[in-house]
Amino acid sequence: MDYDKLLSLAADLGYGLLESGAEIYRVEESIQRLLWAYGVQEAHPFVIPNCIIVSMVTPEGRSMTQVRRMPSHGTDIDLLECFNDLCRHLCVEKPDLDEARVRLEAARKACRSYSLPAILASYFMGTAAFALFFKGSLRDGLCAGICGVIIGLVVSALGRLNTNMFLKTLTGSALGSFAALFMTWAGLGEHSDCIIIGAFMSLVPGILFTNSFRDVMAGDMVAGLSRLADALLTAVALALGTAFSLGLTRLIWGV
Amino acid sequence: MDLFLPVLYAFLGSGGFAILYNIHNLSGALICACGGALGWLTYLLTGPVLHSDIAQTLAAAIVISIYAEIMSRIRKCPVTSYQLLALFPLVPGAGIYYTMEYAVNGDVSAFLDSFLHTVGVAGALAVGVLIVSSTVRIWLGRRHHA
């Protein structure tokens with residue numbers, strides 16, 4: 001068997017899983033299972049949120065390692081389900097490595113993504129619902145939806161420029177809450193706090209926070225701490241962006 | 001009835017964000033939305049017994065996690081997919097906002113109060129998720145892979 005190919009396959013599978021926002025233990029375990037399925041007993045994957053290291057010893061006693069550098073990424077459930085499924089099938093069926101590679105590429109291609117209007121509609125619906133959820137009126141819900149669309153536009157525009165999460169959140173929350181305060185001032189919205197909180201929900205790092213704790217509890221300390229730092233930074237960016245807008249509008253309109 | 005209107009909003013909110021996390025099948029989005037509604041229902045129903053929103057959040061997080069574990073077994077998909085969005089209504093977005101507002105206003109004691117409370121809620125959320133996932137892992141006798 002060509003162990004170079006096997007190792008590349010395992011590392012790429014792990015890369016796809018990590019890119020989709022899978023938990024660290026899931027990535028490590030999937031790599032390990034795949035290598036075990038192909039008869040490599042000595043497999044040692046090590047994964048942190050921006051790096052994958054897979055080391056293994058072939059049955060002939062040769063040791064091999066590959067590293068994948070992971071850029072910052074979001075959460076993509078469709079990709080996660082595709083790759084998780086793929087891993088399960090590969091481990092059971094054990095197709096030859098070329099076919100497995102073809103299936104890996106196919107899984108990545110089969111993964112769909114939404115168009116911008118669909119994403120903006122999702123922002124609208126989510127933020128509007130959460131403004132109502134936090135005891136806003138129907139008009140507040142509408143305003144929050146508009147702020148959500150603004151945040152969605154800002155985040156996807158900055159995403160194209162490859163900016164980091166901190167800047168995206170900071171700009172998104174500043175513009176979103178500025179729009180909320182403006183609409184309240186103009187008389188469209190009634191409670192600026194409900195509107196801002198609703199719009200907030202699209203940026204809040206709650207998931208990141210929970211995942212970081214999960215990683216720590218699973219024993220992946222480095223991964224957990226780096227995700228925790230990420231979550232805290234995002235929360236700070238969120239608060240700073242809104243604070244900036246609140247301060248600015250107080251200067252302008254004195255509200 | 002007004003009391004339970006937020007449950008509907010939680011349903012819409014959790015479902016609404018499904019597209020942001022690139023969930024493509026309708027059933028997946030519906031499962032998330034139902035999870036969100038279920039979580040908030042638990043939060044509201046445990047209110048008269050527990051009298052503390054931190055404890056209520058903990059209870060709701062546990063219920064959501066159990067629900068997500070069951071759904072992931074049925075659909076053979078990672079648990080995260082369903083938990084992620086269902087937890088949204090419990091995330092202390094309002095807490096972060098008011099904490100920040102007190103900080104801007106320079107109201108230090110209200111800021112600290114609100115900050116610690118927000119951390120408490122976030123902690124309860126994480127602990128609830130962990131209790132269930134750890135228990136499931138012990139029960140299965142290994143790190144799960146479904």
**Q.** Between segment A:42-70 and segment A:205-236, the alpha-carbon center distance in angstrom
**A.** 24 Å
Q. Can you give the Rg to Rh ratio for the protein assembly as shown, taking only C-alpha atoms and Rh from Kirkwood?
A. 1.00
Q. Helix B:53-75 sits at what angle to the longest principal axis of chain B, using alpha carbons and giving 0 to 90 degrees rounded to 10?
A. 20 degrees
**Q.** Approximate spin-label separation A:His44-A:Lys5, in nm, with each point projected 7 Å along Cα-to-Cβ
**A.** 2.7 nm
Q. Going by the alpha-carbon gyration tensor, a ≥ b ≥ c the square roots of its eigenvalues, is segment A:116-253 rounded (a/c under 1.5) or, if a/c is not under 1.5, prolate (a/b greater than b/c) versus oblate?
A. prolate
**Q.** Extreme residue, positive dipole direction of the protein assembly as shown, given options B:Gly47, A:Thr171, B:Ala68 (C-beta unit charges)
**A.** B:Ala68
**Q.** Net charge contributed by nearby residues that have their C-beta within less than 13 Å of A:Glu42 (K/R +1, D/E -1)
**A.** 0
Q) By per-residue mean of other Cβ atoms within 10 Å, what is the highest-first order of B:85-93, B:33-41? A) B:85-93, B:33-41
Q | For segment A:3-110: rounded, prolate or oblate by the Cα gyration tensor [a/c cutoff 1.5] | A | oblate
Q: For B:Asp2 paired with B:Leu116, estimate the spin-label separation in nm (one decimal), with each label point 7 Å from Cα along the Cα-to-Cβ line.
A: 3.4 nm
Q. Nearest 0.05, what FRET efficiency do A:Ser156 and B:Lys76 give at R0 = 22 Å with Cβ-Cβ as r?
A. 0.10
Q. Along the positive direction of the dipole of the protein assembly as shown (beta-carbon charges: Lys, Arg +1; Asp, Glu -1; about the Cα centre), which of B:Ile96, B:Ala18, A:Val216 reaches farthest?
A. B:Ala18
Q: Go through A:54-60, B:108-114 and give me the packing order, highest mean Cβ count within 10 Å leading.
A: A:54-60, B:108-114
Q: Before rounding to the nearest 500, sum -39500 (n - 2.57) across all DSSP H runs of length at least 4 in chain A and divide by the residue total; then give [θ] at 222 nm in deg cm²/dmol.
A: -23500 deg cm²/dmol
**Q.** Cβ-defined net charge surrounding A:Ile197, 14 Å radius [Lys, Arg +1; Asp, Glu -1]
**A.** -3
Q. So what's the net charge close to A:Glu60: Lys and Arg +1, Asp and Glu -1, counting the other residues with Cβ under 14 Å from its Cβ?
A. -2
**Q.** 0 to 90° range, to nearest 10: angle between helix A:138-160 axis and chain A longest Cα axis
**A.** 50 degrees
(Q) To the nearest 20 Debye, how big is the dipole of chain A about its Cα centre, given +1 on the beta carbon of each Lys and Arg and -1 on that of each Asp and Glu? (A) 700 debye
Q: Sort chain B into rounded, prolate or oblate with this rule: let a ≥ b ≥ c be the square roots of the eigenvalues of the Cα gyration tensor; rounded if a/c is under 1.5, and if a/c is not under 1.5, prolate when a/b is larger than b/c, oblate otherwise.
A: prolate
Q: Provide the packing ranking of A:7-14, A:43-50, i.e. peptides ordered by the mean count of other C-beta atoms within 10 Å per residue, highest first.
A: A:7-14, A:43-50
Q: Enter the angle in degrees (range 0 to 90, nearest 10) between the Cα long axis of helix A:206-217 and the first principal axis of the Cα atoms of chain A, meaning the one along which they spread out most.
A: 40 degrees
Q) Roughly speaking, what is the centre-to-centre gap between segment B:1-57 and segment A:97-175 when only Cα atoms are used, to the nearest Å? A) 20 Å
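No value in this document is a laboratory result; all are computed from the given coordinates. Note that the coordinates shown come from a computational prediction; the quantities given were computed from them, not determined experimentally. Here Cβ is always computed from backbone atoms with ideal geometry, including for glycine, and neighbour counts include all displayed protein chains.
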